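What follows is a single structure, written as C-alpha cells, with notes after it.
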C-alpha cells in the first residue's frame, strides 16, 4: 500500500507462459498488494505457470473474449477486491514492471488519476525494436488524435497504464469494444470526463515471445482509432453524442 491505498496489478494474459514468470518476478511487492491474472483462454500453459509462481487470483475465460474483453474482466476483478489503484501490466515482458513505483505514487499522492507509460517519450520505441511501420503509424495516429481531441499526449497506443479507483468507477468501459481499440476508447472516455493523464518515459522490448498484432489487424485497429477520435470530436462539440460518451 501507499498511504493506505490498496494497489493491485492486473495481467491481461494470452499465451504468456514463456514470459509470465520473468514479468512477475520484477513486480515490486513492497507496494503492490495483489496480482490478478486473467487468462483469456490461452492455448499454452499460462494458467499452470500462474499457479506455479504463486499468483493467487487467476481468472480463466472459458472462451477467448479479446484484448478489450480481457481488460474488462481485469478491472472488474480489481474493483471487487478493493483496489484503490489498478496498474495494467502486460505479462509478455514488453514493458518493465520497474516503473510501477513511479506510476503508483503519482496516483496515490493525488497528482494525476491516470498514468501511462509512453514508448515515444525519449527513444524507447525504436531503440527497443519497434518496427518502423508501426512507429510511423503511431506518430500519424497520435497527431490526428491530438488534433481531433485537443490534447497533447505523446502516444495513445501504449498498453502500460495505471488508474485510480475513481476513474474505473466513473468510466463505463463496458460500452467499449472487446478488441484492441478498447484502449483508445478508454482514453477518449477519460478525457471526455475531464480527467487528466500523466505520461512517463517507458522503455520497451520487441522480441519473438512478446505479443503483437499482424498487419491486417493493425490496419483495423488504426481505422478504429480514427473513428474513436472522430466520435469524440462530434460528441464533445454537441453535434452527435455517441454511446461510449453517454
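Just so you know, all these numbers are worked out from the coordinates, no wet-lab data involved. The structure displayed is predicted, hence computed values, not measured ones. Don't worry about glycine lacking a Cβ; one is built from the backbone with ideal geometry, like all the others, and counts go over all protein chains shown.
The table that follows gives values for the structure above.
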item: Chain lengthening between residue 135 and residue 174 when straightened (0.36 nm per residue, less Cα-Cα); result: 11.1 nm
item: P(r) histogram, all alpha-carbon pairs of region 51-106 included - 10 Å bins from 0, percent; result: 18, 47, 34, 2
item: q = 0.15, 0.16 Å⁻¹: log10 I(q)/I(0) that the Debye formula gives for the chain, counting C-alpha atoms only; result: -1.07, -1.24
item: Cα-based helix-to-principal-axis angle, 66-80 vs the chain, degrees rounded to 10; result: 70
item: Cα gyration tensor, region 146-205 - rounded (a/c under 1.5), prolate or oblate; result: rounded
item: Rounded, prolate or oblate (a/c below 1.5 giving rounded, otherwise prolate when a/b exceeds b/c) for region 98-235 by Cα gyration tensor; result: oblate
item: Highest-fluctuation residue, 47, 90, 101 considered, GNM on the chain with Cα pairs under 10 Å; result: 101
item: Mean ellipticity per residue at 222 nm, deg cm²/dmol - from DSSP H runs of n ≥ 4 across the chain, formula -39500 (n - 2.57); result: -12000 deg cm²/dmol
item: Most mobile listed residue (167, 225, 38) in the chain, GNM with C-alpha springs under 10 Å; result: 167
item: Model label zone, residue 144; criterion: amide N under 11 Å from point 7 Å along Cα-to-beta-carbon; scope region 219-246; result: 219-230
item: Potential extension, residue 29-residue 3 segment - 0.36 nm per residue separation minus Cα distance; result: 7.8 nm
item: Efficiency of FRET from Cβ geometry, residue 239 and residue 206, R₀ 51 Å, rounded to 0.05; result: 0.80
item: Region 1-133 shape via C-alpha gyration tensor axes, a/c threshold 1.5; result: oblate
item: Centroid-to-centroid separation of region 126-196 and region 47-119 [C-alpha atoms, Å]; result: 16
